[in-house]
Amino acid sequence: MKILSFFSILFLVLFLSCNSDEVKPENLTSCFEAPEAIEAGVPAEFSSACSENASTYFWEFGTAGTSSDPNPTFTFPSQGSYEVSLTIFSAEGDSASSSQTLEVGETPASAITDHFGDITQDEVWGPGKHRIFGFVNILDATVTIEPGAVVVFSERGTLNVGTGDGVTEATLIANGTASQQILFTADTDTPVKGYWNNINFGSGQSGNSSMEYCTIEYGGADSSYETMISSYGQAISFNNNTVRYSSTTGIRVYENGFKSFNSNKVTDCGSFVMDIDPSSVHSIGSNNIFEGEQGIQIMNIPLTVSSTTWQKQNIPYVINGTIRVGSATGTHLTIESGTKLKFNTYGTLLVGRYADSLAVLTAEGTASDSIYFLSVKEKNDYDSRWKNLKFGPGAQEGSSIAYARIEHTSGTISTGYGGLMLEGAAVAINNTYFLDAGTYGVYCDEEGRFLSFENNVIHNDGRDGISIHANWVHTIGNTNSIIADHEILVQKDIIEHSAVTWKKQPFPYTIYGLIDLGTDNAGGSMLNIEAGSTIAFVQRQSIQLYSYGSEGGGIIANGTAEEPITFTSAKDSQQPGDWERISLGSKTKEGTIFNHCIFEYGGNYNAPLEIGYTDVPVITNCIFRNNKEYGLLLQRSSPTMSGNVFENNPSGDILLLE
């Protein structure tokens, strides 16, 4: 035991002696000295000399700014109480803080620099307070405003940059820093929105103007501009700024957009946060925060640039009229996934209005980030809804909409026909949701058609889904869901394509006008109707093959026992004679067949199927039932027939005519 105690004591002595040379952490103390009297707009010097063992420094001057200098000079923008704190850090990463509440008095008259009238020579506005009286006009000169400056405007005061006649080189450089921003505000202790007018960058602005780390507030009074900041000359750089408390629009930009527009915040404006022309929307950069119920208004002027992208923002774009996209050389508009566009009464996005106005629209969202086309007005206010998204004959075949939502479009035919309109245009539409159109969900004119139309949903209960002319029905895919009075409304037309297929749908094709088959193309115009399809006719409508085209055509309606093809009435309460007939004449082509088909509630003229002056058709395994007079009419014709059934045709099964 004595031996163990000896070695234990020896180990303890050695351990203590080894650690006795270590340096203990030095005392870390935060301390600073401030001026006894501080006035707004007057630089104030701060000292950290009383702090101990600091390696780095971080000052906070309330919400007015920050600094990392050991002994900073800081200019407070306005009078009031400020909590000033200093945090110091040791080389090892330890920290210590101290703070003081300082009272900042009003700016002395001697420290205020007044500005008025025209500026024709270069000027530097240093830290401190500057007052703008009336209209200050920067002509062919450069005004540089340094960090820490406070610019106050008299009531209705205005700063114009390059708005004079013949001016071409007016420049404003107002670049603050993260720690020493520049403030543009009202010359009053009780500011209100619209106290002063605006900062205007005019046509004589040089293109070198820049505003960074600025706060602009309480302007927007000028009714001729209706904004607090306007730019209608060369592009400006505008980054890391706060725009707030405008009585009207926050920012208005026309023609040339921004050189850069990033990391800005625009908030609490009386109208739109921004009003911008469609060719400049692409210049809105990233990391911006927009706060306001009315959104970013896009001006109602044509979009004619060769290529542009409307990027996703955190609030919607708003369209109050018609924006036409297209030019003689071509315009390509891309709308970024996740973007929301809201349209006011009768608002329209019109792509390729005329054949010589070439345009492509790419509006492709994703499954998790759709593009929205919405109404500003309440969904139940049909008379005030937006009009539609419309493609004209100048729309090029690269146009595409995917993963989009088109909702609550106009309520009457006179205001726009459909939520999506294709007039002489071919567009790819996929994975898109159409909700509550006032008339048709999708309307196609005589040449309107789809490059593809798959996986779409049309929810238009009480109205119609798709209105399309017969010559282009084959461009509709068969993976769509439609809830509507008439899911697919087939309009009067001549089917002229050599070979087309009407795909099986889970709902009927509703025939709304007389359909003719015929073409001058070799092989004729052959319509293939897939097994399981239903063709429903409104009153007195027909499909006929008589005189159109030198090559004629035919119908391939080859159903199966499990999936027959049904030709029937479109009425809810079906009656014999609701529709007329399918008529085939002497130009009927080889290959025409009706197999496992049902003909019912037709024959308003004589019979639902009439064949004259041709022996070509094959009619097998068909059911003719509940027709007005006969099941089948044959005039100087001997088609191949077998396995057919005739039921409840009051005048007889077959009417034979010479």
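Pair-distance distribution P(r) for the stretch 220-260, from all Cα-Cα distances in 10 Å bins starting at 0: 30, 51, 19 percent.
Label point of N262 set 7 angstrom out along Cα-Cβ; within the stretch 135-157, no amide nitrogen lies under 20 Å from it.
Extending 7 Å from Cα along the Cβ direction at A178 and again at T87 yields two label points whose distance is 1.3 nm. Distant-in-sequence amide contacts of G554, defined by a placed amide H-H separation under 5 Å and a gap of 5 or more residues or a different chain, comprise S525, M526, L527, K589. The phi torsions of the stretch 551-559, fed into the Karplus equation with coefficients 6.51, -1.76 and 1.60 and a -60° offset, translate into couplings of 9, x, x, x, 10, 10, 10, 9, x Hz, rounded to whole numbers, with Gly and Pro shown as x.
Taking each residue as 0.36 nm, the span from D189 to I483 lengthens on full extension beyond its C-alpha to C-alpha distance by 99.8 nm. If only the Cβ of Lys and Arg carry +1 and only the Cβ of Asp and Glu carry -1, the dipole of the chain around its Cα centre is close to 1840 debye. Placing one equal scatterer on every Cα of the stretch 388-519 and applying the Debye formula, the log10 ratio I(q)/I(0) at q = 0.16, 0.19, 0.22 Å⁻¹ is -0.72, -1.06, -1.45. In this label model, V305 and S452 are separated by 2.9 nm, measuring between points 7 Å along each Cα→Cβ vector.
Computed over every Cα-Cα pair of the stretch 242-283 and binned at 10 Å starting from 0, the pair-distance distribution P(r) comes out as 30, 52, 18 percent.
Normalised by 2.2 N^0.38 Å, where N is the number of residues, the alpha-carbon radius of gyration of the stretch 260-350 equals 1.05.
Protein heavy-atom accessible surface, 1.4 Å probe, per residue over the stretch 318-454: 35 Å². Modelled label positions at K312 and E590, each set 7 Å beyond Cα in the direction of Cβ, lie 5.8 nm from each other. Here is the size of the stretch 481-577 from its Cα atoms: Rg then Dmax, 13.8, 42 Å. Kirkwood radius and radius of gyration were both taken over the C-alpha atoms of the stretch 339-410, and their ratio Rg/Rh is 1.02.
For the stretch 200-278, the Kirkwood radius over C-alpha pairs fed into Stokes-Einstein at 20 °C and 1.002 mPa s yields D = 175 µm² per second. Rounded to whole numbers, the Karplus 3J(HN,Hα) couplings from phi for the stretch 602-615 are x, x, 4, 8, 9, 8, x, 10, 10, 10, x, 6, 7, 9 Hz, using 6.51 cos²θ - 1.76 cosθ + 1.60 with θ = phi - 60°, and x at Gly and Pro.
Among the GluC sites (Glu not before Pro) in the stretch 190-296, those located in a DSSP loop and surrounded by at most 12 other Cβ atoms within 10 Å of their own Cβ are E293.
Apply the Debye scattering formula to the chain, with a single equal point scatterer on each alpha-carbon and no solvent, then give log10 I(q)/I(0) at q = 0.07 Å⁻¹. Listed by q, the Debye log ratios stand at -0.65. Using the Karplus relation 6.51 cos²θ - 1.76 cosθ + 1.60 with θ = phi - 60°, the per-residue 3J(HN,Hα) values for the stretch 426-433 come to 10, 9, 8, 10, 9, 6, 10, 10 Hz, with x marking Gly and Pro. Label reach from D461 (point 7 Å along Cα→C-beta): in the stretch 428-443, amide nitrogens under 17 Å belong to 434-439, 441. For A484, neighbours were defined as the other residues whose beta-carbon sits under 9 Å from its Cβ, and their charges (Lys and Arg +1, Asp and Glu -1) total -3. A straight line joining the Cα centroids of the stretch 40-91 and the stretch 254-288 runs 34 Å.
Each principal axis of the Cα atoms in the stretch 580-658 has its own extent, and those three values, largest first, are 30, 25, 17 angstrom. Distance from the Cα centre of the stretch 357-381 to that of the stretch 586-624, in angstrom? About 45 Å separates the Cα centre of the stretch 357-381 from the one of the stretch 586-624. Taking only Cα atoms, what is the 0 to 90° angle, nearest 10, from helix 2-19's long axis to the longest principal axis of the chain? Orientation of helix 2-19: about 90 degrees from the principal axis. In this structure, the amide hydrogen of Q541, modeled 1.01 Å from its nitrogen in the peptide plane, lies closer than 5 angstrom to those of E580, counting only residues at least 5 positions away or on a different chain. A Stokes-Einstein calculation at 4 °C with viscosity 1.567 mPa s, built on the Kirkwood radius of the stretch 101-252 over Cα pairs, returns a diffusion coefficient of 85 µm²/s. Taking amide H atoms as placed 1.01 Å from N in the peptide plane, the amide H of E39 lies under 5 Å from those of G105, each 5 or more residues away in sequence or on another chain.
Given axes a ≥ b ≥ c from the Cα gyration tensor, I'd like to know whether the stretch 509-658 is rounded (a/c under 1.5), prolate (a/b larger than b/c) or oblate. It is rounded, given that a/c, with a ≥ b ≥ c, falls under 1.5.
The values are calculated or read from the model by the stated rules, or taken from the named source; none is laboratory data. All of these numbers come straight from a predicted model, not from anything done at the bench. So basically every Cβ, Gly included, is an ideal-geometry build from the backbone, and we count neighbours across all protein chains shown. All accessible areas refer to the heavy atoms of the entire protein, side chains included, with ligands and DNA or RNA removed. Shrake-Rupley method; radii C 1.70, N 1.55, O 1.52, S 1.80 Å.
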